1. Specify the residue that is surrounded by the fewest Cβ atoms within 10 Å (Cβ to Cβ); the eligible residues are those in the range 90-134 that are over 19 Å from S15 (Cβ atoms) and of a type in the set (G, A, S).
2. Given (1) at pLDDT 90 or above; (2) surrounded by fewer than 17 Cβ atoms within 10 Å (Cβ to Cβ), identify the lone condition not met by A5.
3. For the range 75-188, give me every one of the helices (runs of 4 or more DSSP H) that falls completely inside it and has 3 or more residues that are modelled with pLDDT under 80 and touching an Asp or Glu at 6+ places or on another chain (Cβ under 8 Å).
4. Any idea which residue in the range 59-74 is modelled with the lowest pLDDT, counting only those that are surrounded by fewer than 20 Cβ atoms within 10 Å (Cβ to Cβ) and more than 13 Å from the chain's Cα centre (by Cα)?
5. Of K29, K48, which residue is at pLDDT 90 or above and in contact with a Leu (Cβ under 7 Å, 6 or more places away or on another chain)?
6. Which of the residues spanning the range 17-45 are buried (at least 18 other Cβ atoms within 10 Å of the Cβ), over 20 Å from M141 (Cβ atoms) and small (G, A, S)?
7. Do you know which residues across the range 23-52 are in contact with a Pro (Cβ under 8 Å, 6 or more places away or on another chain) and either over 18 Å from S102 (Cα atoms) or in a strand (DSSP E or B) (or both)?
Amino acid sequence: MQSSAAGSFVLSPKSGRAIWSHGVLMHFKAVGEGVGGRFWLAEVSAAKGSGPPMHVHSNEDELWYVLGGEVSFFIGDDVATVGPGSVVCGPRDVPHTYKVESPTARLFGLATPAGFEHFFRESSRPAETLTVPPQMSSPDMASVDAELGRLGTRIVGPLPAGAPRGAGRLEARIEALLRRGCTQTPTY
């Protein structure tokens, strides 16, 4: 349903554009074109071991909200393994990635400002179902690097093997993450 207020909208659970991109299902709920370029938002479903290589955005801050499963986030030198209800911020100019540790995971990914969603949309195919995609072929990394560079993002390392044994939960790492640039904390 589209609202009469500029930029407002309501989507049903299955509405939005669903794509299979780099081994994950991305179900876009908002993209820059529909919200004045302010952000993009997607529900992501991924299998164990999934995650992008370590990368740095020069334009966007990213925020993840874990809906289900367990995910390790690598932000700068910090590692946090988190579960449902956890929120993690990956600020621009700080290397970051995530890796699914449970059999599957679901999370909301948001980036602000919008723009980087074009990378996913250009390097994907329409999802045939709202499920994690079957095994997909590896992309041509020279093309991926060129497109990332055009969008102000660069790969700085591989996807880490996993969270080191004893990696702290998010609550134990908040101070370090805040020092790295995520200065907004919720107030209740």
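1. Filtering the range 90-134 for residues that are over 19 Å from S15 (Cβ atoms) and of a type in the set (G, A, S), the one surrounded by the fewest Cβ atoms within 10 Å (Cβ to Cβ) comes out as S102.
2. Every condition holds for A5 apart from (1).
3. Details: elements: 117-122, 141-150, 170-179.
Of the helices (runs of 4 or more DSSP H) lying wholly inside the range 75-188, those with at least 3 residues that are modelled with pLDDT under 80 and touching an Asp or Glu at 6+ places or on another chain (Cβ under 8 Å) span 170-179.
4. Step by step, filter the range 59-74, then rank; the result is N59.
5. Values: K48 fails: in contact with a Leu (Cβ under 7 Å, 6 or more places away or on another chain).
Among K29, K48, only K29 is at pLDDT 90 or above and in contact with a Leu (Cβ under 7 Å, 6 or more places away or on another chain).
6. A18, A30, G32, A42, S45
7. At the first step, the residues of the range 23-52 found to be in contact with a Pro (Cβ under 8 Å, 6 or more places away or on another chain) are 23-25, 32, 37-39, 47-48.
Of everything in the range 23-52, those that are in contact with a Pro (Cβ under 8 Å, 6 or more places away or on another chain) and either over 18 Å from S102 (Cα atoms) or in a strand (DSSP E or B) (or both) turn out to be V24, L25, G32, G37, R38, F39, A47.
The values are calculated or read from the model by the stated rules, or taken from the named source; none is laboratory data. Computed from a prediction, not measured in an experiment: that's the story for all the values here. Here Cβ is always computed from backbone atoms with ideal geometry, including for glycine, and neighbour counts include all displayed protein chains.
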